Structure formats: C-alpha cells, structure tokens
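Just so it is clear, none of the values below were taken in a lab; they were calculated from the coordinates. Everything numeric here is computed off the predicted structure, so don't read it as measured data. All Cβ positions, even for glycine, are placed from backbone atoms using ideal geometry, and neighbour counts span all protein chains on display.
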Amino acid sequence: MLCAMRILTGLQPSGKLHVGNYFGAIEPAVRLQEMGEAFYFIADYHAMTSSQDPAALRDNVRELAVDFLGCGLDPERAVFFRQSAVPEVNELAWILSTVCPMGLLAKCHSYKDKVAQGIAANHGLFAYPVLMAADILLYDSNQVPVGRDQKQHLEVTRDIAVKLNETFGDGTVVLPEPIIREDTAVIVGLDGRKMSKSYGNTLPIFGEEKPLKNLIMKITTDSTAVDEPKPVANSTILALYKLYASEADYAAMVADHERGGIGYGVFKKRLADAYWDYYAPMRERRSEVLADPGYVDRVLSAGAARAREEAAKTLDRVRHAVGLR
Ligand code: ADP
Ligand code: TRP
C-alpha cells in the first residue's frame, strides 16, 4: 500500500470553466501536481446525471481537456484521462453501493439542490456520490483537492471507505483527505452569490476579451455616490480583485474604497485588466494545445492506459477482499 502523496480530482465537463472552478479545483490541482503522483480526470459519467445531450457531452469533454491543459496541467507529471476510459470504476462503484446506506445518499445537499432546480431525480443522480467514492478509492488517492461544495461528497466517500474496511478488512481501500483551500473555498459570482453555472453569474476564464471584460462591468454594486467612501466588507469587486492583484495593488484598491472619490466603474476596469493579464500565459498555452490537433487525444489515451493499470491493481485487491475472487 502506498504512503506517498496520491492526489486526485475530477471535473465535470458541463460548460465553460469559470473563475470558481479555476480557484476551487484547477489551480490547486495544477499546484499539487508537483508534490506527488497526480490523477486528474474528466467526469463524463457524472455529467450524464444532469444532462443527456450526446453532442454537448463530446464537445464539453474536449473543451475541458483543452482548458485544463491550458491552465497548466502537465501530462508528464499528472495522469490525465476521461473517467469513462476506465470502466473498472463501475465495478468498484457497484461494490461500494452494497455497503452504502441509503440514508447517507438521501441527505446529500447536492442531490437535494439539483432536484430543487428541476433536474429529474434519476438513479444516477442519487448514486452520484457512490461513483465519486469509486473514482477516489480506485486510485488509492489520499489527497483530493475540491471546492467547499464537494466537502460532503468527500465525507460520504470516507464513510463508505470505513464501512468497506470494517466489513472486509482493514486496508481494503485507502481513506482519502479533502484539500479545501479556505481562502478560495467559495468564489463569489457577478451578483455576489457563490459563482455557479446554476446561478448564471459566472465569469469564464477563457473567451474573447471584450465580452469577458463586459461581464466584469456588470458586477452588481450598491448605489454609493462617486464622492462617498465605499463599503469594503462584502464587496464583490474586491473579493475578485484579491485573487489577481498583488498585495500592494489590493491594499491600494481598499484604500481607494475607503477614501471615496472614485466610482465603481474605475474599480471594475482595474479588476478586468488584472483578471485578463492573469490568464494570459494560460491562453497562450491553450492556443499551443489547439495548434496540435492530435495532442489532446494522445494525452488522454496515454493517461487512460496508465490509470487503468492502477485501477486494475486496486480492483484486484478489492475483489479478493469481498470474495469475488
Ligand atoms: P458549478 O457550480 O458552476 O456547476 P461545478 O459544480 O461543476 O461548478 O464545480 C466544479 C469544481 O469547481 C468543484 O471542485 C467545485 O467545488 C469548484 N467550484 C465551483 N464553483 C466554485 C466556487 N464558486 N468557489 C470555489 N470553488 C468552486
Ligand atoms: N463531483 C465533482 C464536481 O462536481 C466532480 C467529481 C467526480 C470529483 N468525481 C470526483 C471530484 C472525484 C473529486 C474527486 O465537481
């Protein structure tokens, strides 16, 4: 059994990557790939629980792969693959489902929220956390970087892992730890709520300059007059600016808020420039990735082969533990 750092995370291919996804999941994943063995995947099976559009799924998988590579995922360091390229995950999910109490799934916020949003309550959506547990346990992962909204899913994974080990013997699977960066656990969206595709308040990280900067100009602000001091607490502009600005520039913007005399439009412009500059190297890398048409497929198929090797080892151990072999 391993003791090194085995880092794993998955992202659903469900539309354009936004600043919340970037700081909640991508940036930590890219930083952590230097620190251990990393396994990063595109959760295409999971995406099927909330959208059934084959063409969109294909496009979104491709786009996420390009974007993730653009953001600095290094396939020489991290194993990068599509979840469905490792069908072993389904067998593990089945095994886990036989020790997972219904009550554990029934209390998941994510399931309840999605049903409240009007997504049909199919079995896949209900069993979503079991497949996610299988994703994590299949690779003996011990560190899982995610945004705070995935914390409960990690708790479910740990509960299932403990149950499996209690039932079939210690060491059947490895207990994973979530990595949740507190300062970026919840990135605010353009309207001040949590940034999320489901709220339609996202700021994508890749796209054309003008429309993206225009989105920043639409950030909701209060009606404080230009001359007046502006509130610093709960400021969406400041919260986003902090992600991109140096400490000195951030402190200067705070001081400018407190002093008064500068309108929100100016602050938004500063934020828009800092945001745009920050992603410049990633846009460049992304263009390089796009310039080589076979690159993404080569990376994903090499990643899948490597992931399957690892998956086969774990699955063999689990099959023996539960009596399937
Ligand atoms: P969305 O809410 O837009 O549908 P996802 O649920 O697909 O986003 O999230 C993908 C990843 O990005 C997850 O790890 C999640 O925790 C992270 N994430 C999403 N939105 C935010 C946010 N506003 N702040 C921090 N992390 C986020
Ligand atoms: N549920 C995660 C999300 O919506 C995606 C995901 C699937 C995942 N399997 C995972 C994240 C395993 C971390 C580990 O963002």
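Too long at a 18 Å Cα-Cα cut-off: which of Lys107/Lys197; Lys112/Lys163; Lys197/Lys218; Lys163/Lys313; Lys16/Lys107?
Lys107/Lys197; Lys112/Lys163; Lys163/Lys313; Lys16/Lys107
If R0 is 30 Å, what FRET efficiency do you get for Ala4 and Ala312 from their C-beta distance, rounded to 0.05?
Approximately 0.95, to the nearest 0.05.
Pull up all non-local amide H partners of Val188: gap of 5 or more, or a different chain, and H-to-H distance under 5 Å with H placed in the peptide plane.
Those lying under 5 Å, H to H, from Val188 are Met195.
Say each of Asp53 and Met217 gets a label point 7 Å from the Cα, pointing the same way as Cα to Cβ; how far apart are those two points in nm?
Each label point lies 7 Å from its Cα, and together they span 2.8 nm.
According to a simple spin-label model (label point 7 Å from Cα along Cα-to-Cβ), what is the distance in nm between Asp74 and Ala280?
2.2
Once Lys and Arg get +1 and Asp and Glu get -1 on their Cβ, which of Gly70, Ala4, Leu104 lies farthest toward the positive end of the dipole of the chain?
Of the candidates, Leu104 comes out farthest on the positive side.
Under Stokes-Einstein, with the Kirkwood radius over Cα pairs standing in for Rh, what whole-number D in µm²/s applies to the chain at 20 °C and 1.002 mPa s?
So the translational diffusion coefficient is about 101 µm²/s.
Work out from phi, with θ = phi - 60° and the Karplus expression 6.51 cos²θ - 1.76 cosθ + 1.60, the ³J(HN,Hα) of each residue of segment 94-101, listed in order in whole Hz, and give x for Gly and Pro.
Along segment 94-101, the couplings run 5, 4, 5, 5, 7, 10, 8, x Hz.
Taking the Cα centre of the chain as origin, work out the dipole magnitude from +1 charges on Lys and Arg Cβ and -1 charges on Asp and Glu Cβ, in debye rounded to 20.
Its charge dipole is roughly 560 debye.
Sorted by packing (mean other beta-carbon atoms within 10 Å per residue), highest first, where do 15-23, 311-319, 287-295 land?
15-23, 311-319, 287-295
Suppose every Lys and Arg Cβ carries +1 and every Asp and Glu Cβ carries -1, with no other charges. What dipole size does segment 1-111 come out with about its Cα centre, to the nearest 20 debye?
240
Glu34 to Val254: extension gain in nm, 0.36 nm per residue of separation minus the Cα-Cα distance?
Taking Glu34 through Val254 to full extension adds about 75.8 nm, to one decimal.
Farthest toward the dipole's positive end in segment 190-325, which of Pro204, Ser223, Val289, given Cβ charges of +1 (Lys, Arg) and -1 (Asp, Glu) about the Cα centre?
Of the options given, the answer is Val289.
Which whole-Hz ³J(HN,Hα) couplings does segment 306-315 yield from phi under the Karplus relation 6.51 cos²θ - 1.76 cosθ + 1.60, θ = phi - 60°, glycine and proline marked x?
5, 5, 5, 4, 5, 4, 4, 5, 5, 5
Express the relative contact order of the chain as a whole percentage, based on alpha carbon pairs under 8 Å and six or more residues apart in sequence.
24
Which FRET efficiency, nearest 0.05, do Arg298 and Arg193 yield, Cβ-Cβ r, R0 51 Å?
Efficiency for this residue pair is about 0.80.
Hey, in the GNM for the chain with a 10 angstrom Cα cutoff, which one of Gln152, Gln33, Gln52 fluctuates hardest?
With Cα springs under 10 Å in the chain, the top fluctuation among Gln152, Gln33, Gln52 is at Gln52.
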